[in-house]
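No value in this document is a laboratory result; all are computed from the given coordinates. Keep in mind the model is a prediction, meaning the values are calculated, not measured. Note that each Cβ is placed from the backbone with ideal geometry, even for glycine, and that neighbours are counted across all protein chains shown.
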Amino acid sequence: MTNAKIYNHDLSLENDHGISQGYCVNGIIYISGQFSHDMQGTFVGEGDIEAQTKQTLENLDRVLAGFGASKSNIAEVEIFLTDPKQHFEKCINIFKEYLGQHRPAGTLVGVSGMAFPEQLIEIRAVAHID
């Protein structure tokens, strides 16, 4: 049996939904879908794709840091947008700035809705520990 490690933001929703924000096993970090909330669990940026994207990426960074990793350790990313026609360009520009020269595999999916009605974006990722 391998040693698994988890990371949580210590929010009630983690226990309420029965998930961990990140789960690391055999050097691979599986990161649950991150969205736009602060560390008290308050939603950030209602109606504002730029604010939501930035907060979501900050939360992704927190999970990575919880395993001693950074964005350069991301191997794959999936972005879910509720309105890709309207939000694609703004979201991708912020995401490209966030990544810098790092180029992980990626997918962007348009969805009709998410867990919370005000949510415009969710980002999940797979990363590795060197």
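Please go through (1) surrounded by fewer than 12 Cβ atoms within 10 Å (Cβ to Cβ); (2) in contact with a Phe, Trp or Tyr (Cβ under 8 Å, 6 or more places away or on another chain); (3) hydroxyl-bearing (Ser, Thr, Tyr) for SER20 and return the number of the only condition it doesn't satisfy.
(1)
Name the residues in region 99-115 that are of a type outside the set (Gly, Ala, Ser), outside any strand (DSSP E or B) and in contact with an Asp or Glu (Cβ under 9 Å, 6 or more places away or on another chain), would you?
PRO104, VAL111, MET114, listed by residue number.
Among the candidates VAL44, VAL77, single out the residue that is of a type in the set (A, V, I, L, M) and touching a helix residue (DSSP H, G or I) at 6+ places or on another chain (Cβ under 6 Å).
The unique qualifying residue is VAL44.
For a quick check of your reading of the model, give me the residue pairs whose first member lies in region 27-52 and is at positive phi, whose second is aliphatic (A, V, I, L, M) and surrounded by 13 or more Cβ atoms within 10 Å (Cβ to Cβ), with beta-carbon atoms closer than 7 Å and at least 6 apart or on different chains.
Close Cβ pairs (under 7 Å, with a partner that is aliphatic (A, V, I, L, M) and surrounded by 13 or more Cβ atoms within 10 Å (Cβ to Cβ)) amount to GLY27/ILE129; GLY41/LEU11; GLY41/LEU13; GLY45/ALA51.
Could you please tell me which pairs satisfy a Cβ distance under 8 Å, a separation of 6+ or placement on different chains, a first residue in region 73-87 that is in a helix (DSSP H, G or I), and a second residue that is surrounded by fewer than 14 Cβ atoms within 10 Å (Cβ to Cβ) and of a type in the set (D, E, K, R)?
ASN73/ASP130
Does region 18-39 contain at least one residue that is part of a helix (DSSP H, G or I) and in contact with a helix residue (DSSP H, G or I) (Cβ under 8 Å, 6 or more places away or on another chain)?
no
Can you tell me which residue in region 23-56 is farthest from ASP130 (Cα to Cα), limited to those that are touching a strand residue (DSSP E or B) at 6+ places or on another chain (Cβ under 7 Å), of a type in the set (Gly, Ala, Ser) and surrounded by 14 or more Cβ atoms within 10 Å (Cβ to Cβ)?
Step by step, filter region 23-56, then rank; the result is SER36.
Would you point out the residue of region 57-94, among those that are over 28 Å from ASN3 (Cα atoms) and under 11 Å from the mean Cα position of the chain (by Cα), that is surrounded by the fewest Cβ atoms within 10 Å (Cβ to Cβ)?
PHE80
Do you know which residues across region 109-127 are surrounded by fewer than 16 Cβ atoms within 10 Å (Cβ to Cβ) and either touching a residue at least 24 places away in the same chain (Cβ under 8 Å) or within 25 Å of TYR23 (Cβ to Cβ) (or both)?
VAL109, GLY110, VAL111, SER112, GLY113, ALA115, PHE116, GLU118
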